[in-house]
Amino acid sequence: MKFKGIVIAGVVLIGLSVGGYAWMKYILHPQPHACGYCLRPLHRNLRVTAEIDGKRSEVCCAHCAISEANQRRKPLKLITVHDYPTGQAVTPVSAWYVEGSRVTACEHGTMRMNEMKETQDLAFDRCSPGTFAFASRANAEAFVAQNGGSVLAFPQLMQEVRVQ
C-alpha cells in the first residue's frame, strides 16, 4: 500500500514537472515565429535580435531592422545575428554581411491586386535585398562568388542607419 502511494506521488510529481516546463517554455517565454517588424516567418539562420529605441525584437534579418529604424528615425542596436551557413549566434561586430545577392531572404506572395482586381507590381519590399550574416569573411566571399552581392563589415552595414 505504501509503495503504491509513493509511485502515484512520483507520477504526479513528474506530470507536474513536465506541465510546468511546458507552461514556462510555450506560454511564459514562447519562441517568436514571426518577425517583430514585417511579420514574416523567422528563419533560424537569418534571425537577428535588434533593439530600436530601447525595445528588443526578434527580426527576420538585419536589413529589416535597418528599414524599421530608418522609418521610425530611431537609433538601432543589433544584439545578436546568426551565421547563415550554421545558424549559430554571432556577435554583430565580428560578423560579415552580404547585401544585394540574388538569394531572397524573406519570401512572400508578390502578387498584389488593386480595388479593380487588377494585378500590381511590388514597388517596395522592406526586406529586399536581404542581409545575410556570416561568422567568417571567407564564407561571406564564397557566398558572394556563387550568388552575387557585396561583403560588408559591421561599420559599413550600420552606415545605412539614418537617425534624424
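The values are calculated or read from the model by the stated rules, or taken from the named source; none is laboratory data. This is a predicted model, so every value here is computed, not measured. Neighbour counts are summed over all protein chains in view; Cβ atoms, including those assigned to glycine, are modelled from backbone coordinates with ideal geometry. Surface areas here come from the heavy atoms of the whole protein model, side chains and all, with no ligands, DNA or RNA. Shrake-Rupley method; radii C 1.70, N 1.55, O 1.52, S 1.80 Å.
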Open item on the list: With the structure loaded, tell me whether ARG112 is more than 14 Å from the chain's Cα centre (by Cα), modelled with pLDDT of 90 or more and not hydrophobic (A, V, I, L, M, F, W, C) or whether it fails that test.
Closed with: no
Open item on the list: So the check is Cβ under 8 Å with 6+ separation or different chains; which pairs have a first residue in the range 47-59 that's basic (Lys, Arg) and a second one that's surrounded by fewer than 18 Cβ atoms within 10 Å (Cβ to Cβ) and part of a strand (DSSP E or B)?
Closed with: ARG56/ILE79
TODO: List every residue pair whose Cβ atoms lie under 9 Å apart, where the two residues are 6 or more positions apart in sequence or sit on different chains, the first residue falls within the range 139-164 and is closer than 18 Å to ILE66 by Cβ, and the second residue, located anywhere, is assigned to a helix (DSSP H, G or I) and acidic (Asp, Glu).
DONE: VAL151/GLU141
TODO: Kindly indicate whether ARG56 is among the charged types (D, E, K, R), over 22 Å from ALA95 (Cα atoms), at pLDDT 85 or above and open to solvent by 90 Å² or more (accessible area, probe 1.4 Å).
DONE: no
TODO: Test LEU78 against the stated conditions and say whether it is open to solvent by less than 30 Å² (accessible area, probe 1.4 Å), at pLDDT 85 or above and of a type outside the set (Ser, Thr, Tyr).
DONE: yes
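This table checks each residue for (1) under 25 Å from GLN146 (Cα atoms); (2) modelled with pLDDT of 80 or more.
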| site | (1), (2) |
| --- | --- |
| SER17 | no, yes |
| TYR21 | no, no |
| CYS60 | yes, yes |
| ASP83 | yes, yes |
